[in-house]
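See below for the structure under consideration.
The values are calculated or read from the model by the stated rules, or taken from the named source; none is laboratory data. Computed from a prediction, not measured in an experiment: that's the story for all the values here. FYI the Cβ positions are ideal-geometry reconstructions off the backbone, even for glycines, and counts take in every protein chain you see. All accessible areas refer to the heavy atoms of the entire protein, side chains included, with ligands and DNA or RNA removed. Shrake-Rupley method; radii C 1.70, N 1.55, O 1.52, S 1.80 Å.
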Amino acid sequence: DESVLTGEARPQKKAVGDTLLAGSINLSPQPLHVQVVKAHADSAMELFKQTLAAALEKKAKLERSSIQVASDFTPFTMALASAAYWYQRMRVGSSSPLVLWGRVLAVTMAATPCPAAIGVPIAFLSGMSISSRHGIAMKSGAALENLGKATVCVLDKTGTVTFGTPRMTKM
């Protein structure tokens, strides 16, 4: 089964002497004996890995804006934590360092921009992972974000989607 790499709907039968792609799954109860003829750098799996890495680098607009908001909010969080430290120190006077730093940490945890910086990329990765489990490969978070604006779907590999028997249902 090379469908993960080729996109074919059904596993293709292979015979002795046929070429297999790295990452193929043996569906036969018999073990395979294979000979490696290409370097790993030239394999389909390496290309797949490079494509995935490029997709992870391409940020969706929402991801970029959430990172920017978190970056802009961080100095405010630090100033608020500093103010809490000085307020606690001046109000109580000789508070123990544990109480002072406990207050600073409480303010920092409450006002941290981490949910925006971490939550949005995790949501995109989760969406891409769920679609992948259903056999739908998303090229990037930006592609997933733009899917919400889609009004037309064009498919180029009929056999993958329809098992080779397309039929018009609506025009």
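Of all aspartates and glutamates in the structure, those lying under 17 Å Cα to Cα from Lys13, and not within fewer than 8 positions of it along the same chain, are Asp1, Glu2. Partners of Lys61 within straight-line reach, counting lysines whose Cα lies under 19 Å from its Cα and excluding those fewer than 8 residues away in the same chain: Lys139, Lys149. Taking every alpha-carbon pair under 8 Å whose residues sit at least 6 apart, the chain reaches a relative contact order of 24 percent. Using alpha carbons only, the radius of gyration of the chain set against its Kirkwood radius gives Rg/Rh = 1.23. Spherically averaged projected area of the convex hull of Cα atoms, the range 1-61: 5.6 nm².
List the aspartates and glutamates whose Cα lies under 12 Å from the Cα of Lys59, skipping any in the same chain that are fewer than 8 positions away. The reachable aspartates and glutamates, counting only those whose Cα sits under 12 Å from Lys59, are Glu145. Once you've got the Cα coordinates, tell me which of Lys38/Lys58; Lys49/Lys170; Lys14/Lys170 are over 32 Å apart. The answer is Lys49/Lys170; Lys14/Lys170.
Electrostatic tally near Ala142: other residues with Cβ closer than 14 Å to its Cβ, Lys and Arg +1, Asp and Glu -1, net +3. Helices in the chain that qualify as membrane-span-like (whole DSSP H runs, Cα extent of at least 24 Å along the helix axis, mean Kyte-Doolittle hydropathy of 0.0 or higher) are 114-133. Fully extending the segment from Cys153 to Lys13 would add 47.4 nm, taking 0.36 nm per residue of separation and subtracting the current Cα-Cα distance. Accessible area per residue for the chain is 78 Å², calculated with a 1.4 Å probe on protein heavy atoms, without ligands, DNA or RNA. Estimated translational diffusion coefficient (Stokes-Einstein, Kirkwood radius over Cα pairs, 25 °C, 0.890 mPa s) of the range 30-74: 175 µm² per second. Computed from point charges on the beta carbon alone (+1 for Lys and Arg, -1 for Asp and Glu), the dipole magnitude for the range 39-113 about its Cα centre is near 420 Debye.
For the chain, with all protein chains in place and a probe radius of 1.4 Å, 64% of the accessible heavy-atom surface sits on carbon or sulfur. A simple charge model with +1 on the Cβ of Lys and Arg, -1 on the Cβ of Asp and Glu and nothing else charged puts the dipole of the chain at about 480 debye relative to its Cα centre.
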